[in-house]
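The structure appears below as structure tokens.
The values are calculated or read from the model by the stated rules, or taken from the named source; none is laboratory data. Being a predicted model, the structure only gives us computed values, none of them experimental. Note: ideal-geometry Cβ built from the backbone for every residue, glycine included; neighbour counts use all protein chains shown. Please note that ligands, DNA and RNA were not included when accessible areas were found on the heavy atoms of the full protein model with its side chains. Shrake-Rupley method; radii C 1.70, N 1.55, O 1.52, S 1.80 Å.
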Amino acid sequence: NINYNNNQEHKEIQAKIGKKHPSLSTKELQYCVYFLNKLSSKEIAIIENITPASVRVFKNRIKNKLNLDGNTNLEDYLSKI
């Protein structure tokens, strides 16, 4: 099991995204790292000890905060930051 919270590279990614989108919470920035690493909702749910449906709620909330429409792929958008 990878420790996503203490990885320096992940912290740098979170800082970069957070600088561009300061409205995102620390938890939402953590989920951005999961999405960038192409983890499935099921994998994220296991790491966070929540349901896959809760992961999808986080994803939708993040997309709303970033003003992305339903057709925009969140991973693609984040990878360009």
Task: In the stretch 20-51, the residues that are basic (Lys, Arg) and within 16 Å of Ser79 (Cβ to Cβ) - done: Lys20, Lys38
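Which residues, taken from the stretch 43-81, are among the basic types (Lys, Arg) and surrounded by 11 or more Cβ atoms within 10 Å (Cβ to Cβ)?
Arg56, Lys59, Arg61, Lys63, Lys65
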Task: Residue in the stretch 30-42 that is least open to solvent (accessible area, probe 1.4 Å), counting only those that are farther than 21 Å from Ile81 by Cβ and not charged (D, E, K, R) - done: Ser41
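Only residues that are over 23 Å from Asn71 (Cβ atoms) and either surrounded by fewer than 18 Cβ atoms within 10 Å (Cβ to Cβ) or at pLDDT below 95 (or both): list them for the stretch 19-29, please. Reasoning before the result, please.
Looking only at the stretch 19-29, we keep the residues that are over 23 Å from Asn71 (Cβ atoms), and these are 19, 22, 25-27, 29.
Within the stretch 19-29, Lys19, Pro22, Ser25, Thr26, Lys27 qualify.
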